[in-house]
Amino acid sequence: MPLEGDEAAEARYQQLLAAGMGEDALEGLVAALYDVSWRVRKLAAELLARVDATPALVDRLIHVLGDRGQTGARNAAAMALAQLGPPAVPSLLTLLQHPDPDQRKFAADILGELRQPDAVGELIGRLEDPDPNVCVAAAEALGRIGGVAAGRALERLLDSKEPLLRLCALEGLGQLSRPPPLPSLLPHLEAPETARSAWRLLGQIAHPTAFALLCRGLLTPARDAALAGLGAREVGLAADGEGELKVTLRHVEQAEGWLTQALASEERALRHGALQAVQAAALSSLAVGVAGAAEGGELAEAALKVLIRLGLPGANALLAGDPPALTSLGREARSVAGEAVLRAAEPVLVPALAALAAAGDFELAELAARALGRSRSEAAVAPLAEMLDDDLLAASAARALVTLAVTVPAQCTQALLQSLERRPRPHALRAYAQVAPPAEALAMLRRCAHEADERVRAAAAEASATLGVELLSTALADESALVRRAAARALARLAPADALPLLRRALADDEPAVLTSAAVAAGELGAKEVTATLEALLASSGAVALAALQSLFQLGVLSIGLLQSAARHADAEVVKAALTFAAGSAEGVKLAVERLQHPRWDVRVAAARTLAVSGGRETLIPLHAALERETDALTRELMMVSAARLAER
Amino acid sequence: MPFEEDARPLLTAEEFRLLKELLLDACGLQLREDLKYVVERRLWPRLEALSLRDYSGYYRYLRFDARAREEVELAIELLVPHETYFFREPTQLGSFERELLPRLCQQNASSRKLRLWSAGCSSGEEPYTLSMLIAETGLFDGWDVQIHGTDISRRMLTAARAAEYGSSALRTTTPAQLARHFDPISAGRFRVKAGLKNRVSFGHLNLLDEAGLKLLPRMDAIFCRNVLIYLEPAARRKVVHSFWEQLVAGGYLLLGHSESLLTFSTDFALVQLTGDLVYRRPAGA
Ligand SMILES: C[S@@+](CC[C@H](N)C(=O)[O-])C[C@H]1O[C@@H](n2cnc3c(N)ncnc32)[C@H](O)[C@@H]1O
């Protein structure tokens with residue numbers, strides 16, 4: 001049953017929400033900062049932060065900050081001020097000088113949260129505050145705001161007599177990635193209060209001595225901190241560094257157990273350090289832990305790199321056991337483990353991969369299929385053949401058999417044939433057509449061209465250029481668009497003279513998917529005879545127009561007039577393709593300059609790229625103008641690359 | 001020799017942005033900037049399967065190919081988390097069982113009908129859990145009870161229909177619950193008992209697809225847990241609005257513990273239960 005108090009609080013909450021944020025609501029909101037329920041206070045703070053930040057409002061909130069004994073209200077007011085932004089700054093700077101240390105601390109906290117560079121000077125002054133809490137708040141704020149002056153001040157603070165302040169200084173410098181000179185850091189590695197932060201900061205110093213110290217640290221009781229220091233390094237392990245680390249780890253007691261724990265730590269730097277250690281010592285038995293460190297995604301690439309280095313023994317460890325060890329991992333870790341297994345696929349892994357395929361998890365079975373395909377082992381054929389009969393896995397298995405057929409063609413062909421004889425399926429058919437001897441493939445395709453399942457007929461048509469004109473012509477008249485599309489795509493593999501009448505027919509289809517395939521085929525066939533039809537298709541919707549444009553380019557018949565109309569197309573992909581094909585002509589450059597104003601960000605990027613390859617230096621002017629206008633960060637960044645390239649010429 | 005020659009292609013910032021925009025449009029999915037490598041790795045097998053050289057090609061496939069719809073669904077499936085298990089968030093479920101189900105029993109006493117919806121049901125653990133809770137209360141014996149599970153992932157729905165589960169799905173299921181609600185099928189694997197399974201039905205639904213939503217009945221309670229967090233704010237708002245439309249007056253909406261409607265105003269009333277905050281479409285609305 002709901003508690004009485006909760007219901008009342010709920011009513012106040014709803015009331016506040018309903019009152020909104022008008023002028024007259026202001027008093028109510030300020031009053032609500034004093035509410036006994038934190039939810040109401042929080043809502044009031046959030047709503048206040050959205051009110052016009054007048055000096056009067058800032059003063060009211062600052063006044064609340066001064067209300068001793070009202071902790072809840074003060075915190076809520078601080079939250080609102082932090083969200084108000086720049087308008088609150090002048091009053092907060094004044095507040096830094098308030099006689100009440102609590103208020104000075106609030107001011108420092110909020111200024112840090114606002115990351116106000118203007119506040120740095122005043123905050124540095126507060127590092128000498130008689131009240132240690134204010135000093136700490138000021139140091140933390142400086143660590144957030146950053147800049148040269150803040151960094152220097154924090155460095156000076158390393159000499160403070162207060163351990164807490166030294167700690168703040170180290171943390172702040174770490175946050176700013178601004179390690180102090182090595183000699184001033186060394187004393188802090190020893191002191192228990194500061195060791196953790198100091199070791200981590202040491203990792204930010206890119207110097208062989210720092211690295212050597214970190215290695216030595218692994219042999220001390222502060223080894224977790226030293227490992228996290230290794231993990232704080234931005235750069236990867238250089239070859240000599242790896243050697244040094246490897247030698248060090250030989251002397252670490254029970255390294256495996258310790259690193260296993262570190263790999264599972266909540267602390268990113270520690271996990272990262274452990275990854276480097278595992279790589280250096282080539283501890284393939286820890287592969288599962290390494291993959292586990294990828295969970296959450298942050299360290300996924302780093303973990304993958306280590307797993308790849310661990311190679312076959314690592315892959316073996318991931319696949320060991322029943323159920324295979326990697327089934328116990330979370331999704332991200334599994335995907336990393338999966339890629340590592342795939343890259344290490346060797347004949348000896350086949351039994352383990354077959355077991356993985358049967359472990360009952362779809363994604364893992366799919367992975368097993370891919371890896372079996374790469375194993376270059378005859379033993380992989382049987383498990384793949386079994387998967388061909390599973391509707392969900394058939395596609396992966398068929399593809400894998402095509403890959404495997406490079407090594408063991410006869411067995412793969414046989415497996416596909418048997419599966420098709422049990423029941424024709426599109427993927428197996430496509431694969432069979434690729435690997436079987438031509439005459440046998442032909443016989444099978446003929447048979448399958450009459451199957452009731454349209455997907456099988458489509459697969460037959462697609463693979464059946466060798467079947468000749470007659471069957472493709474039948475397929476182009478199929479009632480299923482899927483089959484006609486597949487046939488249109490296969491036209492490109494006929495002799496041009498045979499293909500032309502069929503191509504004309506396909507280009508008159510009323511299904512966009514068929515038209516698209518036909519347009520692509522026209523380009524591949526070099527069929528200049530259908531130029532007029534392709535030109536007309538430029539006015540169609542995205543997919544068809546794009547295919548027509550590409551073919552016209554391939555045929556070498558793309559006039560500037562056509563390019564201009566393509567560059568006006570409603571679909572951004574068509575416009576982008578037009579810009580690509582326009583590179584190289586003076587008119588194309590003009591088109592690109594105009595497209596710098598296009599509403600789509602990706603078109604503007606493509607236009608800039610065209611200028612980078614074909615514009616003269618004079619086009620730098622419109623490009624710079626476009627950069628001036630550009631408000632989207634990524635677009636700006638990509639356009640700058642083009643501008644730089646253009647300027648170099 | 002490992003297969004060095006076909007190492008994973010690089011996903012450029014531009015391609016990532018295009019894919020993000022496309023998926024946002026398709027299902028409201030919000031891909032965080034720091035997930036670039038995750039996206040690159042998860043979609044790589046698709047590039048391979050479709051013989052595409054790079055992610056631009058994949059983007060064009062998703063936009064233009066005749067099979068684009070299917071492929072977009074596949075991509076979503078690969079990128080959206082599906083993590084779920086039986087009896088997830090027990091405090092909330094306890095409140096539902098002890099406080100909401102009795103209320104619903106009263107509310108619907110005359111019709112003797114109960115409609116629940118697990119929106120974003122993944123592999124089915126959540127709707128089956130609801131079926132089990134209903135059985136535990138004993139309040140609805142002889143009623144017409146229907147639980148709908150919907151998801152955008154067809155693969156998850158296939159698994160849901162099979163109703164067979166292993167240790168990961170059962171991680172917080174007690175031995176007693178296991179004995180009451182499941183039949184063992186092999187070592188470590190269990191199937192949901194037929195009686196509980198029969199009143200759960202599954203369907204494919206993109207929560208942003210309004211026409212699809214219309215096919216569902218009005219609900220007495222909607223569970224949508226750990227789905228909205230992956231959606232972009234506008235999509236979230238749209239989905240919550242659909243839930244409102246889909247609920248009977250007096251019906252309840254239950255969200256995951258890290259999700260709330262507080263950041264945008266809605267007409268839902270907040271109801272404080274002992275173990276949970278839930279939302280209610282007010283009786284007169
Ligand atoms: C993490 S699972 C949550 C499962 C379950 N509700 C729970 O809390 O345990 C999220 C599910 O939401 C589904 N989903 C995500 N976006 C969706 C959308 N736009 N429409 C329908 N389902 C969606 C995903 O496919 C996934 O299965």
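Axis angle, to the nearest 10 degrees, between helix A:4-19 and the longest C-alpha principal axis of chain A: 70 degrees.
Scanning residues 5 or more positions from A:E295 or on other chains, those with amide H under 5 Å from its amide H are A:A333, with H placed 1.01 Å from N in the peptide plane.
Rounded to the nearest 20 debye, the dipole magnitude of the protein assembly as shown is 1120 debye, with +1 charges on Lys and Arg beta carbons, -1 on Asp and Glu beta carbons, and the Cα centre as origin. Taken about its Cα centre, the stretch A:108-219 carries a charge dipole of roughly 520 debye when the Cβ of each Lys and Arg holds +1 and the Cβ of each Asp and Glu holds -1. Projected onto planes of every orientation and averaged, the convex hull of the alpha-carbon atoms in the stretch A:495-649 covers 9.3 nm².
Sequentially through the stretch A:632-649, phi angles give Karplus couplings (6.51, -1.76, 1.60; θ = phi - 60°) of 8, 5, 5, 4, 4, 4, 5, 5, 5, 4, 5, 4, 5, 5, 5, 5, 5, 7 Hz, Gly and Pro residues having no value and appearing as x.
Ranked by the mean number of other Cβ atoms within 10 Å per residue, highest first, peptides B:123-134, A:36-47 order as B:123-134, A:36-47.
Evaluated at q = 0.18 Å⁻¹, a Debye calculation over the C-alpha positions of the stretch A:311-420 (equal weights, vacuum) places log10 I(q)/I(0) at -0.77. Backbone phi angles across the stretch A:91-107, fed through the Karplus curve with coefficients 6.51, -1.76 and 1.60 (θ = phi - 60°), yield HN-Hα couplings of 5, 5, 4, 4, 4, 4, 9, 4, x, 7, x, 4, 5, 4, 5, 3, 4 Hz in residue order; Gly and Pro are listed as x. Remark: relative contact order (the stretch B:5-79) = 37 percent; criterion is Cα-Cα distance under 8 angstrom and separation of 6 or more residues. Length gained on full extension, A:Q175 to A:T94: 26.5 nm, using 0.36 nm per residue less the C-alpha separation. For A:H427, B:H241, the sequence from fewest to most other C-beta atoms within 10 Å is B:H241, A:H427. Stokes-Einstein diffusion of the stretch A:494-582 at 10 °C, 1.306 mPa s viscosity, Kirkwood radius from Cα pairs, rounded to a whole number: 126 µm²/s. Divided by 2.2 N^0.38 Å, where N counts the residues, the Cα radius of gyration of the stretch A:445-517 comes to 0.95. Once the Cα atoms are used to define both axes, helix A:268-281 deviates from the longest principal axis of chain A by about 60 degrees.
Taking the radius of gyration and the Kirkwood hydrodynamic radius from Cα positions alone, what is the Rg/Rh ratio for chain B, to two decimal places? That ratio is 1.01, to two decimals. For the stretch A:63-213, what percent of Cα pairs sit more than 20 Å apart? Cα-Cα pairs of the stretch A:63-213 separated by over 20 Å account for 49 percent.
Checking the a/c ratio against 1.5 first, then a/b against b/c, what shape does the Cα gyration tensor give for the stretch A:1-123? Intermediate results must be reported in sequence, preceding the final value.
Values: a/c = 2.53, a/b = 1.80, b/c = 1.40.
Taking the square roots of the gyration eigenvalues as a ≥ b ≥ c, the stretch A:1-123 is prolate.
Distances over 19 Å make up what percent of all Cα-Cα pairs in the stretch B:95-251? Roughly 55 percent, once rounded to a whole number. For the peptide A:592-605, the mean number of other protein chain Cβ atoms found within 10 angstrom of a residue's Cβ is 1. What is the angle, in °, between the Cα long axis of helix B:55-64 and the longest principal axis of the Cα atoms in chain B? Nearest 10 is fine, range 0 to 90. Here the helix axis deviates by roughly 60 degrees. Which residues in the stretch B:99-139 have a backbone N closer than 13 Å to a point placed 7 Å from the Cα of B:D267 along the Cα-to-Cβ line? No residues fall inside that zone. The string of couplings for the stretch B:232-238 from the Karplus curve (6.51, -1.76, 1.60, θ = phi - 60°) is 7, x, 5, 5, 4, 4, 5 Hz, one whole number per residue in order, with x for Gly and Pro. Would you work out if the stretch B:237-285 is rounded, prolate or oblate? Take a ≥ b ≥ c from the square roots of the eigenvalues of the alpha-carbon gyration tensor; rounded if a/c is under 1.5, else prolate when a/b is larger than b/c, oblate otherwise. Since a/c reaches 1.5 but b/c is at least a/b, the shape of the stretch B:237-285 is classed as oblate.
Please report the relative contact order for the stretch B:131-230, taking Cα pairs under 8 Å with a sequence separation of at least 6, and give it as a percent rounded to a whole number. If you can, show how the numbers build up before the last one.
Working: 80 pairs, mean separation 35.5, N = 100.
About 36 percent, as a whole number.
Go ahead and run the numbers for FRET between A:A379 and A:D510, Cβ-Cβ distance against an R0 of 56 Å, rounding to 0.05. Before the final figure, lay out each step's value.
Details: r = 50 Å, r/R0 = 0.90.
Plugging the Cβ-Cβ distance into 1/(1 + (r/R0)^6) gives 0.65.
So how do A:152-162, A:263-273, A:605-615, A:302-312 stack up, highest first, on mean other-Cβ count within 10 Å? Kindly include the intermediate steps, with their values, before the conclusion.
On the way: A:152-162: 16.7, A:263-273: 20.2, A:605-615: 24.5, A:302-312: 21.9.
My ranking of the peptides, most packed first, is A:605-615, A:302-312, A:263-273, A:152-162.
Using the Cβ-Cβ distance between B:R189 and A:F362 with R0 set to 22 Å, the FRET efficiency from 1/(1 + (r/R0)^6) comes to roughly 0.90.
Ranking B:A163, B:L196, B:A176 by how far each Cα lies toward the positive end of the dipole of the stretch B:117-207 (charges on Cβ) leaves B:A163 at the top. Candidate cross-link partners of B:K193 among the lysines, defined by an alpha-carbon separation under 25 Å and a same-chain spacing of 8 or more, comprise B:K113. Packing-based ranking of A:178-188, A:582-592 yields A:582-592, A:178-188, ordered from highest to lowest mean Cβ neighbour count within 10 Å. Building the convex hull from the alpha-carbon atoms of the stretch A:406-492 and averaging its projection over directions returns 5.2 nm². The dipole here belongs to chain B: it is taken about the Cα centre, uses +1 on the Cβ of Lys and Arg and -1 on the Cβ of Asp and Glu, and is about 800 debye.
Counting only helical runs of four or more DSSP H residues, what would the 222 nm mean residue ellipticity of chain B come to if each run contributes -39,500 (n - 2.57) and the total is spread over all its residues? Present the calculation step by step, with values, prior to reporting the outcome.
Numbers: 12 runs with 116 residues, N = 285.
Result for chain B: -12000 deg cm²/dmol, rounded to the nearest 500.
When the P(r) of the stretch B:5-79 is calculated, the portion above 22 Å amounts to 11% of the C-alpha pairs.
Excluding same-chain neighbours fewer than eight residues apart, the lysines reachable from A:K42 by a Cα-Cα span under 27 Å are A:K105, B:K238.
As a test of the formula, what do you get for chain A when each DSSP H run with n ≥ 4 contributes -39,500 (n - 2.57) and the sum is divided by the residue count, at 222 nm and rounded to the nearest 500 deg cm²/dmol? Please report the intermediate quantities before stating the final value.
Details: 41 runs with 452 residues, N = 649.
Using -39500 (n - 2.57) per qualifying helix, the result is -21000 deg cm²/dmol.
Think of chain A as a dipole: +1 on every Lys or Arg Cβ, -1 on every Asp or Glu Cβ, centred on the Cα centre; then among A:G321, A:L173, A:A280, A:A280 lies furthest on the positive end. With a Förster radius of 60 Å applied to the C-beta separation of A:H207 and A:A19, the computed FRET efficiency comes to 0.50. Reported value for the protein assembly as shown: 213 Å³ per residue, from the convex hull of its C-alpha atoms.
Semi-axes of the equivalent ellipsoid for the stretch A:130-219, computed as √(5λ) from the eigenvalues of its C-alpha gyration tensor and ordered from largest down, come to 23, 14, 9 Å.
Toward the positive end of the charge dipole of the protein assembly as shown, with +1 on the Cβ of Lys and Arg and -1 on the Cβ of Asp and Glu, the farthest Cα among A:A577, A:S197, A:A398 is that of A:A398. Backbone amide hydrogens, once placed in the peptide plane, bring B:S118 within less than 5 Å of B:H148, B:G149, B:T150, B:F223, excluding anything fewer than 5 places away on its chain. Its Cα gyration tensor gives the stretch A:582-649 an equivalent ellipsoid, and the semi-axes of that ellipsoid, as √(5λ) in whole Å with the largest first, are 17, 13, 9.
Read the figures in this text as sums done on the coordinates, not as results from a lab. Quick caveat, the model's predicted, so the values are computed rather than measured. Virtual Cβ from ideal backbone geometry, glycine too; neighbours counted across all protein chains shown.
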